[in-house]
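Worksheet: the structure to be examined is printed underneath.
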Amino acid sequence: MSGGLDDRAVTRPAGQAAPSGVHAALRTGALWFARWLGQRPWWVQVLLVFGVSRLVSFAIFAAAALQQGTNPWFDPQPDYFRFLQIWDSEWYGRIVVNGYPHVLPRSPSGTVTENAWAFYPVFPYLVRALSTVTTLQWQLVAQIVAMAAGFAAALVVYRLFRHFAGHGTSMWGMAFFAFFPVSAVLQVPYAESLSLVFLAWALLWIVERRYLLAIPVVAVASLTRPVGVPLAVMLAVLFAVRWLARRRRPPERGELPRLAVLTVATVASALAWPAIAWAGTGVMTAYTDTEAVWRGTDLIPFMPWFDTGRYLFGPVIGAIAPFVLVAAVVLYLTSAHVRLIGVELRLWCAAYALYLLAFLYPQTSTFRLMLPFFPLALAGAALSRSRAYRGAVLVMFVLLQIVWVQWLWGWTELPGGGDWPP
């Protein structure tokens, strides 16, 4: 990575032993590869680094598959391909094959039960279309789409980062994103990688103030994963910031009206999927009722965090834990190195954090929902130019990825039945 690895001459302190032949060879090989990679075009560098991250995740998944015992989907010790077809992948497969139900399934007591309306349509319908055209099995197509979308997301993330940092730091930020502990999900048949392509693309055009061009991108993003609401909040606050600053920093001609149009369009995009579920089932609350099934109770904004706080820390500390969490997030997003990523990306992170605080039921799936905070990878890379620091972060991420895959992706029945979802 040209500038990314920050090659500098390293002098050995007096009295320190020379490295062994193996260590010297590894160091020489690493420096040679870094120089070779730094001479390649930026997009080649991005694709190669992201490709290495996919190989690492492949190895972790394959090793975890060998440890998989009895489970609800297949025989023990499945191959890599089958090991990725579980959890939400199964739900996307049902949508690919059968679409969405016109009648909401209900329990004998009349409450809505788990169904496909909880999952957004762009990914499964794209897989269905490509599977029909190519005649390939949808399972294979789903993995190809997820993997290809991951590579595309890496390219867009790098281009977004380059608005705020030089090539080297942007490459390291992209590498942090690629090796993040839950980044393994970017190659499984989930909608995360496709959603991140359009989310990063929308943020890129918002940063570049191409507000009208961002409208269709936001519309698609809002039908891949539930990112429409935090995007709408972000844009509304951004409009207020631009409006209040118009005397000190006059906007470009027509900028505020274009931003207002994008904000309104994003609000409509955020409401599109609940409206489609309503139209498809005849039940106005079809989407929210379906989402509530996975929570076990009706949604009361913000309350799940207090419930989880009391469960983890007791009635007193648990009651204040959410406030401590909010204070920590605010302090971090206003810290000096995070300000590097600009007002738009910081507003996105703040809006997404607010969205999770309001609507998320904290559980093991929360880790996977951290991926949309990817702009903070650039802030993390900018914290220090030390190769030791940056390399240590990557090693830590890989180790935590092993923990995430083995602990949550692999299925082990809990004493009460079932298992924690990834």
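Some points to look at:
- Among 370, 147, 284, residue whose mean-square fluctuation peaks in a GNM of the chain (springs only between Cα atoms under 10 Å): 284
- The stretch 300-317 and the stretch 231-268 have Cα centres lying 36 Å from one another.
- In the chain, the DSSP-assigned H stretches of four residues or longer account for a calculated mean residue ellipticity at 222 nm of -20500 deg cm²/dmol, using -39500 (n - 2.57) per stretch and the full residue count as denominator.
- Just checking the listed ones, 152, 232, 327: in the Gaussian network model of the chain with Cα springs under 10 Å, the one fluctuating most is 327.
- Ranked for footprinting exposure by Cβ neighbours inside 10 Å, fewest first, 373, 323, 50 give 323, 373, 50.
- Contact order for the chain, expressed relative to its length and based on alpha carbon pairs under 8 Å spaced 6+ residues apart, stands at 20 percent.
- Between residue 63 and residue 279, the modelled label-to-label distance comes to 4.8 nm, taking each label 7 Å out from Cα in the direction of the beta carbon.
- Full extension of the chain segment joining residue 329 with residue 148 gains 61.9 nm, where the gain is 0.36 nm per residue of separation less the Cα-Cα distance.
- Extreme residue, positive dipole direction of the chain, given options 151, 123, 422 (C-beta unit charges): 151
- Ordering of 159-169, 329-339, 174-184 by burial proxy (mean other Cβ atoms within 10 Å per residue, highest first): 174-184, 159-169, 329-339
- Charged side chains reduced to their Cβ positions (Lys and Arg at +1, Asp and Glu at -1) give the chain a dipole of some 1880 debye around its Cα centre.
- Between the stretch 34-75 and the stretch 101-147, the alpha-carbon centres lie 26 Å apart.
- Per-peptide average of other Cβ atoms within 10 Å, ordering 407-418, 265-276 highest first: 265-276, 407-418
- Max mean-square fluctuation residue, GNM over the chain, Cα-Cα springs under 10 Å, options 246, 209, 387: 246
- Peptide packing for 107-115, 353-361 was compared via the average number of neighbouring C-beta atoms within 10 Å per residue; ordered from the highest value, the list is 353-361, 107-115.
- The 3J(HN,Hα) values that the Karplus relation (6.51, -1.76, 1.60; θ = phi - 60°) gives for the stretch 235-248 are, in residue order, 5, 5, 5, 4, 4, 4, 4, 5, 5, 5, 9, 5, 7, 6 Hz. Gly and Pro appear as x.
Quick note: the coordinates plus some simple rules give every number you see, no bench work behind them. If you're wondering where the values come from, they're calculated on a predicted model, not measured in any experiment. Cβ: placed from backbone, ideal geometry, glycine included. Neighbour counts: every protein chain shown.
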